[in-house]
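To start, the structure itself, in structure tokens.
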Amino acid sequence: MNYLEHHLALLNHLRSVLAALGEAEQVPEDNHALFLERFDALLEALRGQPEDAMYLGQELIVQVFHRYPQIAHLIPRDLLWFFGGDCLHYMPDEEIELFQQLDERRFIAEQHGLDFDWVQEKQLLALPEDAARH
């Protein structure tokens, strides 16, 4: 699964959580349906022109924190890093450093034409300092 596909999968999962909130009538329906439409537009834009969708992604992820605080803990941290900008305000410095290291490893792998497994590399970097690493 490539970098973009990984994040699309995370967004699809987050969308299903948001949809479930509406179905459980835990949010006001009037604006919720419109928000889901914008979320769907983001997914479509990412499949077509990912670079052009980044600002919309930042905006929607930040809105999830404000509109749906009850699910803030369910927002994948990878999405905060992926969209960057205002989303980074929700990440502690240590976490930002971890994602910077991940991105550096990804860029090096891409430069050398190597496959890069974002999830596996993230798990390796998250190991305690004294744990064995590859």
Checklist entry - Just checking, which of Leu8, Leu36 is outside the structural domain of Glu110 (by TED's automatic domain parsing), in contact (Cβ under 8 Å) with a residue 24 or more places away in the chain and in a helix (DSSP H, G or I)? => result Leu8
Item to check | Candidates Glu97, Glu59, filtered to the one that is in the same structural domain as Leu36 (by TED's automatic domain parsing), in a helix (DSSP H, G or I) and charged (D, E, K, R) | outcome: Glu59
Next on the checklist: Against the definition (of a type outside the set (Val, Ile, Thr) and touching a residue at least 40 places away in the same chain (Cβ under 8 Å)), how does Leu74 come out, yes or no?
Outcome noted: yes
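Go through the residues of the range 105-112 one by one and say whether even a single one is assigned by TED's automatic domain parsing to the domain that holds Leu127, in a loop (DSSP other than H, G, I, E, B) and either more than 17 Å from the chain's Cα centre (by Cα) or of a type in the set (Gly, Ala, Ser) (or both). So that I can check it myself, show each step before the final result.
Let us first name the residues in the range 105-112 that are assigned by TED's automatic domain parsing to the domain that holds Leu127, namely 105-112.
Restricting the remaining residues to those that are in a loop (DSSP other than H, G, I, E, B) gives 112.
Those left that are additionally either more than 17 Å from the chain's Cα centre (by Cα) or of a type in the set (Gly, Ala, Ser) (or both): 112.
For the range 105-112, residues assigned by TED's automatic domain parsing to the domain that holds Leu127, in a loop (DSSP other than H, G, I, E, B) and either more than 17 Å from the chain's Cα centre (by Cα) or of a type in the set (Gly, Ala, Ser) (or both): present.
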Checklist entry - If Gln58 passes every condition in (1) loosely packed, with under 15 Cβ neighbours inside 10 Å; (2) polar (S, T, N, Q); (3) at pLDDT 90 or above but one, which one does it miss? => result (1)
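The values are calculated or read from the model by the stated rules, or taken from the named source; none is laboratory data. Fair warning: this is a prediction, and the values are worked out from it, not measured in the lab. Here Cβ is always computed from backbone atoms with ideal geometry, including for glycine, and neighbour counts include all displayed protein chains.
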